[in-house]
Amino acid sequence: MTNELVDKVAIVTGGASGLGRAAVQQFLTEGARVVIADIDRDRGEALAAEYGADAAYKLTDVSDPQQIGDLVAFAVQTFGGLHVMFNNAGISGPMYPRFLDDDLTDFDRVIGVNLRGVMVGTRSAALYMTEHGGGSIINTTSIAGVQPSRSQITYAASKAAVIHFTQCAAIALGEYGIRVNCIAPGNIPTPLLESSRTQSLSDDTRAELFKLIRQIQVDMTPLNREGTPEDVAQAAVYFASDRSRYVTGTVLRVDGGTAAGGRAEHRRSSASPRFRWPCHGSRRRTPLTLRPPAAVQTSTRRPVGTRTGPASITRIVGGLGYQLHPG
Ligand SMILES: NC(=O)c1ccc[n+]([C@@H]2O[C@H](COP(=O)([O-])OP(=O)(O)OC[C@H]3O[C@@H](n4cnc5c(N)ncnc54)[C@H](O)[C@@H]3O)[C@@H](O)[C@H]2O)c1
């Protein structure tokens with residue numbers, strides 16, 4: 001502990017789980033007082049009780065501007081000010097192998113949390129900070145917002161918009177001493193990551209598939225390991241602290257180098273992971289090979305269709321840009 005955040009008051013939205021929870025812990029370790037803002041009341045209250053007097057929980061749905069206004073007022077009332085606003089809450093959304101399959105029914109929900117929640121959170125915090133000596137606003141985007149892909153297009157678009165918004169806000173708020181930056185995490189195992197990929201699967205299949213996807217993602221990561229919520233929390237401390245006092249409008253990727261070209265490395269890997277699942281109406285288990293995009297382009301074998309295995313798995317790997325092939 002280096003006491004980087006002593007005398008600072010921070011709000012962390014989505015602070016009851018995953019990346020937000022790690023940031024709450026790290027901010028507290030560095031001496032801040034922290035409001036955990038989340039729609040998960042049980043976990044939020046339990047965490048605040050566990051962390052003691054320097055933490056408080058406020059039930060907040062970031063898609064509701066009124067609730068974000070109340071949240072800022074709560075932080076000021078409870079801890080006497082607001083210096084750091086970490087707009088971190090986010091949701092994924094279904095994954096489709098083809099954009100044409102996406103009927104956009106989820107669009108308003110995802111944009112409401114991931115983009116409007118960030119914009120309203122920034123504005124509400126800035127309205128206080130402009131009158132009280134400035135502050136630091138940190139927004140969570142994603143490498144999905146940096147690197148275009150074929151999967152989860154609404155999610156990716158929302159995260160790309162967060163980056164552009166962050167840069168605009170940095171320009172607009174700099175004169176008030178308010179810095180606005182964003183963090184783009186790579187794939188970090190959290191409930192959000194798992195839920196976005198494994199809807200409608202049995203527990204066993206989900207566990208097996210998730211393990212395999214994680215293995216592929218490590219292959220694609222130059223630093224050759226999975227990221228952790230704590231890795232992202234370190235970046236949040238940097239932006240929250242005065243160490244980043246001349247830094248605004250930036251995107252800090254915390255992805256082990258994936259966006260720098262990890263996928264190209266993976267293409268050179270000869271070993272394709274195997275995945276087995278029971279076929280429909282049969283006890284036989286068919287071994288299938290998961291091929292990355294480069295291999296798919298050169299393969300002469302037909303990819304697996306929905307008759308060979310559960311459509312949900314084909315859809316999930318398709319959403320990642322992969323295909324399953326027999327053998
Ligand atoms: N995990 C990853 O690999 C990854 C990668 C890139 C970006 N992100 C982003 O990081 C952020 C945190 O994700 P995570 O992986 O920690 O997920 P998570 O599911 O572990 O945590 C998200 C938290 O946000 C809360 N939340 C959801 N909707 C909310 C709302 N409307 N109002 C308030 N709180 C709400 C949830 O209750 C949960 O506690 C998200 O913005 C996500 O898009 C995550």
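The values are calculated or read from the model by the stated rules, or taken from the named source; none is laboratory data. Everything quoted here is computed from the prediction, not taken from an experiment. Note: ideal-geometry Cβ built from the backbone for every residue, glycine included; neighbour counts use all protein chains shown.
For segment 39-56, the criterion of being in contact (Cβ under 8 Å) with a residue 40 or more places away in the chain, closer than 23 Å to Val120 by Cβ and in contact with a Gly (Cβ under 8 Å, 6 or more places away or on another chain) is met by no residue. Look at segment 227-249: where a residue is over 14 Å from Val180 (Cα atoms) and a partner is among the polar types (S, T, N, Q) and within 16 Å of the ligand (Cβ to nearest atom), sitting 6+ places away or on another chain with Cβ atoms under 6 Å, you get Ala233/Gln26. For segment 77-89, a residue qualifies if it is more than 11 Å from the ligand (Cβ to nearest atom), buried (at least 16 other Cβ atoms within 10 Å of the Cβ) and outside any loop (DSSP other than H, G, I, E, B), and the qualifying residues are Phe79, Val84, Met85.
Any residue at all in segment 43-52 that is in contact with a Ser or Thr (Cβ under 8 Å, 6 or more places away or on another chain) and near the ligand (Cβ under 9 Å from one of its atoms)? Checked against the condition, which is being in contact with a Ser or Thr (Cβ under 8 Å, 6 or more places away or on another chain) and near the ligand (Cβ under 9 Å from one of its atoms), segment 43-52 yields at least one hit.
For segment 130-142, the tally of residues that are away from the ligand (no atom under 15 Å from the Cβ) and surrounded by 24 or more Cβ atoms within 10 Å (Cβ to Cβ) stands at 2. Among the residues of segment 8-24, those identified as in contact with a strand residue (DSSP E or B) (Cβ under 9 Å, 6 or more places away or on another chain) and either surrounded by fewer than 23 Cβ atoms within 10 Å (Cβ to Cβ) or part of a strand (DSSP E or B) (or both) are Lys8, Val9, Ala10, Ile11, Val12, Thr13, Ser17, Arg21. When the test is whether a residue is among the basic types (Lys, Arg), modelled with pLDDT of 95 or more and either surrounded by fewer than 21 Cβ atoms within 10 Å (Cβ to Cβ) or on the phi > 0 side of the Ramachandran plot (or both), Arg33 does not pass it. Any residue that is among the basic types (Lys, Arg), touching a residue at least 12 places away in the same chain (Cβ under 8 Å) and either within 20 Å of Gln25 (Cα to Cα) or more than 10 Å from the ligand (Cβ to nearest atom) (or both) - is there at least one of those in segment 102-114? No: zero hits.
Annotation: of all residues in segment 57-75 being surrounded by fewer than 20 Cβ atoms within 10 Å (Cβ to Cβ) and not in a helix (DSSP H, G or I), the one that is nearest to the ligand (Cβ to nearest atom) is Asp61. Regarding segment 105-114, can at least one residue be identified that is touching a strand residue (DSSP E or B) at 6+ places or on another chain (Cβ under 7 Å), among the acidic types (Asp, Glu) and more than 19 Å from Ser136 (Cα to Cα)? Scanning segment 105-114 turns up no residue that is touching a strand residue (DSSP E or B) at 6+ places or on another chain (Cβ under 7 Å), among the acidic types (Asp, Glu) and more than 19 Å from Ser136 (Cα to Cα). Those helices (runs of 4 or more DSSP H) of segment 114-233 in which 3 or more residues are at pLDDT 95 or above and under 19 Å from the mean Cα position of the chain (by Cα) occupy 117-129, 153-173.
Among residues of segment 199-219 that are within 21 Å of Ala144 (Cβ to Cβ), those with a Cβ under 9 angstrom from a residue that is at pLDDT 75 or above and assigned to a helix (DSSP H, G or I), sequence gap 6+ or separate chain, pair up as Gln217/Thr258.
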